[in-house]
1. Treating only the Cβ of Lys, Arg, Asp and Glu as charged (+1, +1, -1, -1), what charge dipole size does segment 1-107 show about its Cα centre? Round to the nearest 20 debye.
2. Using only Cα atoms and rounding to the nearest 10 degrees, what angle (0 to 90) does helix 85-108 make with the longest principal axis of the chain?
3. Enter the angle in degrees (range 0 to 90, nearest 10) between the Cα long axis of helix 2-22 and the first principal axis of the Cα atoms of the chain, meaning the one along which they spread out most.
4. When the helices in the chain are scored as -39500 (n - 2.57) per DSSP H run of 4 or longer and the sum is shared across all residues, what 222 nm value do you end up with, to the nearest 500 deg cm²/dmol?
5. For Gln93 and Phe24, what is the calculated FRET efficiency with R₀ set at 41 Å and r taken between the beta-carbons, to the nearest 0.05?
6. Which one of Gln90, Leu39, Leu68 is farthest out on the positive end of the charge dipole of the chain, using unit charges on Cβ (Lys, Arg +1; Asp, Glu -1) and the Cα centre as origin?
7. Which residue fluctuates most in the GNM of the chain (Cα springs below 10 Å): Ile45, Ile89, Ile65?
8. Where does helix 49-82 land angle-wise versus the long Cα axis of the chain, in degrees 0 to 90, nearest 10?
Amino acid sequence: MIKIAKACFWMSVALGILGQFVTFYPGAELGWFALAAFLAIPGFIVLKRSFRCASLVLLVLWCAISFLGYTRGKEYEQWLKNNPLEERIQESQEQLRLKELNITEEAEAPQH
C-alpha cells in the first residue's frame, strides 16, 4: 500500500510539472491539476513526515492552480459570449480586404 501511495505522489509531481506546459487552453488547468491534487492525497499515508509535508504542499498548490484555471475558463467563456466568432471573422476579412486594397493601390501607382 505504501508503494502505491508513493507512486501516486510521484505521478502527481509528474502531472503537475507536465501540466505547466500542456494546459495552454484557458480553463484546462481545472481538470488537469484537480487530477494531480487527487493523486497527491495518498501521500498522506506514507510514514515519513517529509512525504506527508510534500503531499500537503502539492495538494494545496495543485488545488490553487486548479481554481485559477477555473476562473480563467469562466473569463474565457465570458469573453467568447461578448465576442461572437462571426464578428471576429468578419473583422478579419475586412482587414484582409483593406490590406489587399492597399497592396493593389501601391502596385497600380505610377512609379517615378
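1. On the way: 11 positive and 10 negative charges, 270 e Å.
Its charge dipole is roughly 1300 debye.
2. Relative to the chain, helix 85-108 is tipped by roughly 40 degrees.
3. That helix lies at roughly 10 degrees to the long axis.
4. On the way: 4 runs with 92 residues, N = 112.
Theoretical 222 nm ellipticity from helices: -29000 deg cm²/dmol.
5. That gives a FRET efficiency of 0.95.
6. Leu39
7. It is Ile89.
8. For helix 49-82, the angle is close to 30 degrees.
Laboratory data are not the source of any read-out in this text; all were calculated from the coordinates shown. None of the values given here were measured: they were computed from a predicted structure. Backbone-built Cβ (ideal geometry, glycine too); neighbour counts: all protein chains shown.
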